[in-house]
Amino acid sequence: MTYKTALSVNVNKVALLRNTRHLGIPDVVRAAQLCLQAGANGITVHPRSDERHIRSADVFEIAAMMKDWPDREFNVEGNPFQNLMGFVHDLSARGLPLHQCTFVPDSEDQFTSDHGWSFPQDADKLKPLIDEVHARGVRVSLFMDPIPEAMAAAKAVGADRVEFYTESYASACSEDQKKEALSRFAQSAQAASAIYLGVNAGHDLNRDNLTAFLKAVPGVLEVSIGHALVADALEVGYSTAVKDYLHCIDMAFAGT
């Protein structure tokens, strides 16, 4: 193996808790700092139009903080047909870091991301926006379901990576269901790798299922984990939670 999966911590749920009061706690920027200090490879935010968790100011404050961590990555995800492109433009204009932009096809009132882009239906409208992000020197990842034949279409519109929506694996009850789900993700990852399309993954991955996923699915460059990691941090703290997830990654690569 010449790589090890990176861990990007999504801090949306920290912001969600903060937003229930007007005290500014817990501090989202501080949470991101603590995760980076514990060894996280990056920070992810998904600012939605209604600012139900991450707010516009958070995006810029976290980006400014990321300048102190030049070896880590800042990933902003969201729907490019809503508010995402505005953040791409403004971060660039302010000279703030943005390493990866993840396009997610969620609606404004959607509870959480629950499906990937569809091809060929979404191809024509995605391509110019991907080109626009590339013009600012930022990598583009497309949120996708594990459909092997869709990988070539994602590559064709200019995506650098895909982020597999992993809920179907995380919610599988029986061992047979888990094996079937992992098989789909493995086949999709192999299809992506064959055309030099990078693979990320995220959604409902946790300390119990992450290692098995990474062992079964080849070439995952990054996992973005928020809900489970923040929930774990409520019990054990940010540092221990991050180190636990990094240990899960290490276990997946042990002996390779």
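The values are calculated or read from the model by the stated rules, or taken from the named source; none is laboratory data. Every value quoted in this text rests on a predicted model; they were computed, and no experiment measured them. All Cβ positions, even for glycine, are placed from backbone atoms using ideal geometry, and neighbour counts span all protein chains on display.
Observations on the structure shown:
- Every residue from the stretch 1-19 that is at pLDDT below 95 and more than 19 Å from residue 241 (Cα to Cα): 1, 2, 3
- Flag for residue 58 being surrounded by 18 or more Cβ atoms within 10 Å (Cβ to Cβ), more than 14 Å from the chain's Cα centre (by Cα) and charged (D, E, K, R): yes
- Considered as a group, the residues in the stretch 110-131 that are more than 17 Å from residue 146 (Cβ to Cβ) and touching a helix residue (DSSP H, G or I) at 6+ places or on another chain (Cβ under 7 Å) include one that is modelled with the highest pLDDT, and that residue is 129.
- Filtering the stretch 217-251 to residues that are more than 19 Å from the chain's Cα centre (by Cα) and either of a type outside the set (D, E, K, R) or not in a helix (DSSP H, G or I) (or both) leaves 234, 236, 237, 239, 240, 251.
- When residue 40 is tested against (1) buried (at least 23 other Cβ atoms within 10 Å of the Cβ); (2) not in a loop (DSSP other than H, G, I, E, B), only condition (2) is not met.
- Subset of the stretch 47-93 (residues that are in a strand (DSSP E or B) and aliphatic (A, V, I, L, M)): 76
- Selection from the stretch 166-195 of residues that are outside any helix (DSSP H, G or I) and of a type outside the set (A, V, I, L, M): 166, 171, 173, 174
- Across the stretch 16-33, the qualifying residues are those that are within 12 Å of residue 62 (Cα to Cα) and in a helix (DSSP H, G or I), and the one among them that is farthest from the chain's Cα centre (by Cα) is 30.
- Residues that are in contact with a Pro (Cβ under 6 Å, 6 or more places away or on another chain) and either among the polar types (S, T, N, Q) or within 16 Å of residue 139 (Cβ to Cβ) (or both), drawn from the stretch 165-209: 187, 188
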